[in-house]
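S.K.: Below you will find the structure I want to go over with you.
Values in this text are rule-based calculations from the coordinates and carry no lab data. Every value quoted in this text rests on a predicted model; they were computed, and no experiment measured them. Counting neighbours? That spans all protein chains shown, and the Cβs are built from the backbone with ideal geometry, glycine included.
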Number of protein chains: 4
Amino acid sequence: MLIVMKTDATQEDISRVVEVVEKLGYRAHVLPGATTTAVGITGNQGPVDPAHFENLPGVAEAIRVSKPYKLVTRDLKPNKSVIKVGNAEIGGGELAVIAGPCAVESREQVFKVAEAVAKSGAKFFRGGAFKPRTSPYSFQGKGEEGLKILAEVKERFGLNIVTEAMDERGVDLVERYADCIQIGARNMQNFSLLKYVGRSKKPVLLKRGMSATLDEFLLAAEYIMAEGNYNVILCERGIRTFSNHARNTLDLSIVPAVQKISHLPIIVDPSHGTGKNYMVSPLAKAGVAVGADGLLIEVHPCPEEALCDGAQALTPIQYLELYQQVQAIHKALCEYEEVFV
Amino acid sequence: MLIVMKTDATQEDISRVVEVVEKLGYRAHVLPGATTTAVGITGNQGPVDPAHFENLPGVAEAIRVSKPYKLVTRDLKPNKSVIKVGNAEIGGGELAVIAGPCAVESREQVFKVAEAVAKSGAKFFRGGAFKPRTSPYSFQGKGEEGLKILAEVKERFGLNIVTEAMDERGVDLVERYADCIQIGARNMQNFSLLKYVGRSKKPVLLKRGMSATLDEFLLAAEYIMAEGNYNVILCERGIRTFSNHARNTLDLSIVPAVQKISHLPIIVDPSHGTGKNYMVSPLAKAGVAVGADGLLIEVHPCPEEALCDGAQALTPIQYLELYQQVQAIHKALCEYEEVFV
Amino acid sequence: MLIVMKTDATQEDISRVVEVVEKLGYRAHVLPGATTTAVGITGNQGPVDPAHFENLPGVAEAIRVSKPYKLVTRDLKPNKSVIKVGNAEIGGGELAVIAGPCAVESREQVFKVAEAVAKSGAKFFRGGAFKPRTSPYSFQGKGEEGLKILAEVKERFGLNIVTEAMDERGVDLVERYADCIQIGARNMQNFSLLKYVGRSKKPVLLKRGMSATLDEFLLAAEYIMAEGNYNVILCERGIRTFSNHARNTLDLSIVPAVQKISHLPIIVDPSHGTGKNYMVSPLAKAGVAVGADGLLIEVHPCPEEALCDGAQALTPIQYLELYQQVQAIHKALCEYEEVFV
Amino acid sequence: MLIVMKTDATQEDISRVVEVVEKLGYRAHVLPGATTTAVGITGNQGPVDPAHFENLPGVAEAIRVSKPYKLVTRDLKPNKSVIKVGNAEIGGGELAVIAGPCAVESREQVFKVAEAVAKSGAKFFRGGAFKPRTSPYSFQGKGEEGLKILAEVKERFGLNIVTEAMDERGVDLVERYADCIQIGARNMQNFSLLKYVGRSKKPVLLKRGMSATLDEFLLAAEYIMAEGNYNVILCERGIRTFSNHARNTLDLSIVPAVQKISHLPIIVDPSHGTGKNYMVSPLAKAGVAVGADGLLIEVHPCPEEALCDGAQALTPIQYLELYQQVQAIHKALCEYEEVFV
């Protein structure tokens, strides 16, 4: 914590700050500058709340200098985490492709997609049985019946299942039928739910909230890890900005930002991240090129009849073509690294 | 729904759109324009999913023209709703001031603030027993013990209690001790929780999510109302934007926007909306002037020692002064209306 | 400047930072903390570029602690500036209302509005002769002919004229015919133009850019003042955010934020700030209540026939009613201050 | 244009809308729906201003359905434009890499970078002689002296020069010494300047404004083209959002969005787009993978001593490595297309 004094702060103002610092049990370091004086704080174990200082007379600003997260950081674990999901891994050398429909609508629809996904070589299948919909009048998912269809897909095609839970009952069900619990963007700061999945044995795919900063995203993962579940996979799925040519703005710079600070794997969802069929492939390729550990791709046998988010789904044929392309980019990047690094 | 064709759409493309419209059971109206043709849809009961059309050949865009909400609208109930909270009302002629500390920290702290709030003439008291904190290592609230202190405040000062619940267990407890269940910004699209409070008998104060559009905000209220609880009070508490001189950007234009469409009352929270002590009073006054039905104000006996959000709390003295000023503005506005309208 | 080291920074990394600081001629203060070490810099005259440090080994972050502006600040001039515009003032005790059409369309249109403006008691008239339009095919303003009509308004009604200039030729013309040069939001960082009006004798009304931070806004004013023109009036006109119920998001919190740092007056433009007729009055009232020095209001005799921005214009009757209301709020605020402060 | 009526609009309200439409010389098509009636307009040549309708009684919304740009669109020119810049091209099959320092600081600095750029195989060199700086006290560029150094680079290394102009005098000078005039993000809606470069013979590199929508971006290009200069290259350089881990949010989805509508080439600037050295390479690779026609990369011989934006500059060694990688990705994408398309 650094407390910056106003240019007209008096000696008493500075002394008052030092006094408050010492009362809190820390050490104060007065740093006179060209026009303003700053007071540095040391000796604190955890973060210091700026509110202790911001309204004291003569104080211009209180600036935090250390980050509030611990378990997610490379300080704690320098090497990248590889997360086991069913019989496969996310965060290792291979590109993890998780594909499937937005929502489970019927056994037939799901199986058509699963066939394409299995054929492509991908190891993970997605599909929502519980759907967080903006309107209460929209299709809300098929619930446990949908989970059973997903379990059949696992059985039949050997794909590992990733599916969303929206509340505790949902987590209990997802744990029973699937391999990975997805926490949606709208629940990224549903702290009760984060704590609950933190006590689960299954890995968690945590989607970035629509307006979450990097710190908030990492702290949401920290909530899960603080309860004992270290198997967290992060997912960028687009943020909310003024930009209106896509449904969301896919913020790919968070991939290197996360990788610099955290050992957790991060994947990219270009389907929700753009909301437009024709943008999914270009942004999926960009996601691989930026260095993500995997992709989340929506596929529907007949997008124009989808009950949910059809506008962004790829057809199985589009998906298969994309799969080839992203593998080619991934290969080009890996070959380069082998030769030059 | 209006489907806009591309400039180079063929006659077949248009026929294909008409066909899909009719297959869905609606009527299609072809509208040739100067450079582009549009197809209007009528005969639908609820909203039509644009995904049915967006990827058809020759289609440029599918534009929704009717809104997906029903119960929140003035179409359904032309007059403003007045919501009973304990023994007082929100949405009637009087300005509803809900004041109190961010978090319940101790009986002493809460009582000091409650004394000032009661003295001011306000009828509602706020204070959090369950705190949604960005970091798992921050103070998380005192839980049921905190609720008991709030119940004592009600008993002793006759103030009506508004307090947040973050999950189902929390709702059950808040229902027992308090008069109004607050749903925080981070849970605005926690649809499971919205449905749960929709089955409660207590009124709900619903805060706008940090990145919620007007439609999403109203649909979150619609989720609650669709379950049978019509006692919803909306609350603007600042949105997330690039602007960094305040903690959030208080979006006061949503007050007239809500009032145009909806019969629900809406209040303003300048404390979270700015996050800075010195901005709370000016923005509270602005909130009253823009026509809000009330204010949510954080007050702490000693802001620099607060366990949560101290930077934005008013001291009891600042609060009492503010109370006078907002009443003066409210009076000036009402007098004007009596004379001129 | 404060340089925060990574938790795993070595003693050499710290020494290298100290060395760079000293090579730049400043003093370095090493501050060991609980988990991270920080290095404070003093002895600098102006701001230090963080780029000198951000990529050195072991550096986590370089944080600026002093602000780069000088002339705009209350450090330099503690009392509020009162700016003379023609024969009236902005920033004194009186609320400055600047009203008129978005664009000068015809002598008749302008005179109809001017009559209402003069009748209300306002002292300033606005109207654009040079219009910055998003599309090259939209009406671009009447140029010098429009300025002549505005000069007639001044002559006939005694109103002081505020009008926009978009380039140097425009500034020369506006100086000749009008009392105050407006710099539009899109030109807030047109630094060549800022320098040019900085050498003008006429006061400048500087609108905040759509995505300008507080610092950038104040530095744009600093550009003008650094050339010798100290007569700058700031204007909040809405920022660009995800929020889509209004054309822009009026960010009223910038009013107290500016007033805390700067002696310059600041006014509010609820017409561009909302873009919707029905929102202009509520947000104008909020602008006065938040403490702005004045308002910029668009009025058109027949909004539905306006060549530019008709959706946000008030009719003369709506304007006259609004004028009464904002004066009533202003009076209530002033009376309060007389009694209690 | 589609005018949507309120649910309680009367028959007279609808007739009034039809009347206004016909008075404007267009045709009105009344479309009764389930709950609301809409009125479609046809027969208009250009866009219709929604302001004509938005405030009429009974009108809920006026929705634009055709786009206001012409010359930038594929409707006009279905094939992609290839823009000649000096002796090379942008928009053809080859990836265009434009590299160099943010600002021209000295002959020595520029030549060191130019050597690396020429060695890499890139054909374009960038460097600013006129620098738009947020603060009037920051280094503003070396002006004509800087342009002369750039002209020497062209002479010595055969690189084609891209450099920014901020005003008319600057354009005249840049035209004399360089091959391509850059218009910076802050001037994207400086319409006077756009018209001026629209009358130049040199190609223009137009950077997206920090808060520009796709439509505004394309219309800025339209301003240039409408004056007769068809040689426009678009450039995404990051937008302003709440996201704070990078200096800007690089919005790569605009690349496919532009390519769908427009024939103009579009390149990506990951240096300004991220503002952080360690993010430049990953985002540059993403920019190529998303399908951009080229990259704008900042390189400095000694980033920590740069007078401007050092934090985002690559060293020559980092740049050379990046160049290899982006070519590998470009090759992988092209090979794929040859085989499969």
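S.K.: I want to check the label-to-label distance for B:Leu76 and C:Ile63. Put each point 7 Å from Cα in the C-beta direction and report it in nm to one decimal.
M.R.: Label at B:Leu76, label at C:Ile63, 4.8 nm between them.
S.K.: Return the distance in nm (one decimal) between the two label points of a simple spin-label model at D:Glu168 and C:Cys302, each offset 7 Å from Cα along Cα→Cβ.
M.R.: Distance between label points: 3.6 nm.
S.K.: Moving on to the next point. If amide H atoms are built 1.01 Å from N in the plane of the peptide, which residues on other chains or at least 5 residues away come under 5 Å of the amide H of D:Ala103?
M.R.: Correct list: D:Gly128.
S.K.: Just to verify a number: FRET efficiency for D:Glu144 and D:Lys201, C-beta to C-beta distance, R0 = 30 Å, to 0.05?
M.R.: Between D:Glu144 and D:Lys201 the formula returns 0.95.
S.K.: By its C-alpha gyration tensor, with a ≥ b ≥ c as the square roots of the eigenvalues, how is segment B:2-63 shaped: rounded for a/c under 1.5, else prolate for a/b larger than b/c, else oblate?
M.R.: Prolate shape, in that a/c is at least 1.5 and a/b is the bigger ratio.
S.K.: Also, quick follow-up: If you rank C:Thr37, C:Thr274, C:Thr163 by fewest surrounding Cβ atoms within 10 Å, what's the result?
M.R.: So the ranking, lowest neighbour count to highest, is C:Thr37, C:Thr163, C:Thr274.
S.K.: Please list 3J(HN,Hα) in residue order for segment C:77-83, calculated via the Karplus relation 6.51 cos²θ - 1.76 cosθ + 1.60 where θ = phi - 60°; whole Hz, with x for glycine and proline.
M.R.: Using θ = phi - 60°, the values come out as 9, x, 8, 4, 7, 10, 9 Hz.
S.K.: Additional query: If we hang a label 7 Å off Cα along the beta carbon direction at C:Glu22, how far is it from the matching labels on the other copies, in nm, shortest first?
M.R.: Its label point is 3.1, 8.7, 8.8 nm from the equivalent points in the other copies.
S.K.: Which chain D residue comes nearest the axis with its C-beta when you rotate D onto C, and by how many angstrom?
M.R.: Its Cβ sits closest to the axis: D:Ser211, 2.
S.K.: Hey, another quick one. What is segment B:79-218 by shape, rounded, prolate or oblate, if you read a ≥ b ≥ c off the alpha carbon gyration tensor as root eigenvalues and call it rounded for a/c under 1.5, prolate for a/b larger than b/c, and oblate otherwise?
M.R.: oblate
S.K.: Residue by residue through A:206-216, how many Cβ atoms from other chains fall within 10 Å of the Cβ on average?
M.R.: 5
S.K.: Could you pull out every one of the aspartates and glutamates with an alpha carbon less than 18 Å from that of C:Lys119, ignoring same-chain neighbours closer than 8 positions?
M.R.: The reachable aspartates and glutamates, counting only those whose Cα sits under 18 Å from C:Lys119, are C:Glu94, C:Glu108, C:Glu152, C:Glu155, C:Glu298, C:Glu321.
S.K.: Follow-up question, since we're still on this one. Let me make sure I get this right: for segment A:208-341, a, b and c are the square roots of the gyration tensor eigenvalues over alpha carbons, sorted descending. Under 1.5 in a/c it's rounded, otherwise prolate if a/b > b/c, else oblate. Which is it?
M.R.: Since a/c reaches 1.5 but b/c is at least a/b, the shape of segment A:208-341 is classed as oblate.
S.K.: To the nearest Å, what is the center-to-center distance of segment D:276-315 and segment B:227-245, using C-alpha atoms only?
M.R.: Centre-to-centre distance over Cα atoms comes out at 39 Å.
S.K.: Can you tell me how much longer the chain between C:Asn244 and C:Gln11 gets when fully stretched, taken as 0.36 nm per residue apart minus their C-alpha distance, in nm with one decimal?
M.R.: 78.7 nm
S.K.: Convert each backbone phi in segment D:164-170 into a coupling constant with the Karplus relation 6.51 cos²θ - 1.76 cosθ + 1.60 (shift: θ = phi - 60°), then list the ³J(HN,Hα) values in order as whole Hz, x for Gly and Pro.
M.R.: 7, 10, 10, 7, 4, 4, x
S.K.: Quick one: label points 7 angstrom along Cα→Cβ at C:Gln11, distances to the other copies in nm, smallest first?
M.R.: Computed spacing set for this position: 3.7, 8.8, 9.4 nm.
S.K.: Further question: What number, in percent, do you get for the relative contact order of segment D:187-251 if the mean sequence gap of Cα pairs under 8 Å and at least 6 apart is divided by its residue count?
M.R.: 34
S.K.: Moving to a separate point now. What ranking do B:Tyr230, C:Tyr319 get, fewest neighbouring Cβ atoms within 10 angstrom at the top?
M.R.: Ordered from fewest to most neighbouring Cβ atoms within 10 Å, B:Tyr230, C:Tyr319 come out as B:Tyr230, C:Tyr319.
S.K.: Follow-up question, since we're still on this one. For segment A:2-63, what is the relative contact order in percent, using Cα pairs closer than 8 Å and at least 6 residues apart in sequence?
M.R.: Value for segment A:2-63: 49 percent.
S.K.: Below 8 Å between Cα atoms, with a sequence gap of 6+, how large is the relative contact order for chain B in percent?
M.R.: 15
S.K.: Using a label point 7 angstrom from Cα along Cα-to-C-beta, what distances in nm, from shortest up, separate C:Val82 from the other copies?
M.R.: 4.6, 6.8, 7.5
S.K.: Which cross-chain or sequence-distant (5 or more) residues have an amide H under 5 Å from the amide H of C:Ala60, H modelled 1.01 Å from N in plane?
M.R.: C:Val4, C:Met5, C:Lys6
S.K.: Okay, moving on. Okay, helix-only estimate at 222 nm for chain D: each DSSP H run of n ≥ 4 adds -39500 (n - 2.57), divide by all residues, round to 500 deg cm²/dmol; what do you get?
M.R.: Values: 11 runs with 127 residues, N = 341.
The per-residue figure over chain D is -11500 deg cm²/dmol.
S.K.: What average number of partner chain Cβ atoms lie no more than 10 Å from the Cβ of the residues making up A:182-194?
M.R.: Averaged over the peptide's residues, the number is 6.
S.K.: Label-point separation (nm) for A:Glu321 and B:Arg176, each offset 7 Å from Cα along Cα-to-Cβ?
M.R.: Between A:Glu321 and B:Arg176, the simple spin-label model gives 6.1 nm.
S.K.: Taking the beta-carbon count within 10 Å as an exposure proxy, list A:Thr241, A:Thr10 from fewest neighbours to most.
M.R.: Least crowded to most crowded, the residues run A:Thr10, A:Thr241.
S.K.: With chain D treated as a Gaussian network of Cα nodes joined by springs under 10 Å, which of D:Ser106, D:Ser243, D:Ser15 yields the largest mean-square fluctuation?
M.R.: Sorting by GNM fluctuation, first place goes to D:Ser15.
S.K.: Would you mind checking which residues have amide H under 5 Å from C:Leu295's amide H? H placed 1.01 Å from N; only 5 or more apart, or other chain.
M.R.: Long-range HN contacts for C:Leu295: C:Ala96, C:Val97, C:Ile98, C:Val268.
S.K.: Let me ask you something else. Dividing the alpha-carbon radius of gyration of segment D:83-340 by 2.2 N^0.38 Å (N being the number of residues), what value is obtained? Could the numbers behind the result be given before it?
M.R.: Details: Rg = 16.7 Å, N = 258, 2.2 N^0.38 = 18.1 Å.
In units of the globular-protein estimate, segment D:83-340 measures up at 0.92.
S.K.: Can you tell me what share of the DSSP beta bridges in the protein assembly as shown is antiparallel? A percent to the nearest 5 is fine.
M.R.: Of all bridge pairs located within the protein assembly as shown, approximately 40 percent are antiparallel.
S.K.: Looking at segment D:174-278, which trypsin sites (Lys or Arg not before Pro) are in a loop (DSSP not H, G, I, E or B) and have at most 12 other Cβ atoms within 10 Å?
M.R.: D:Arg199, D:Lys201
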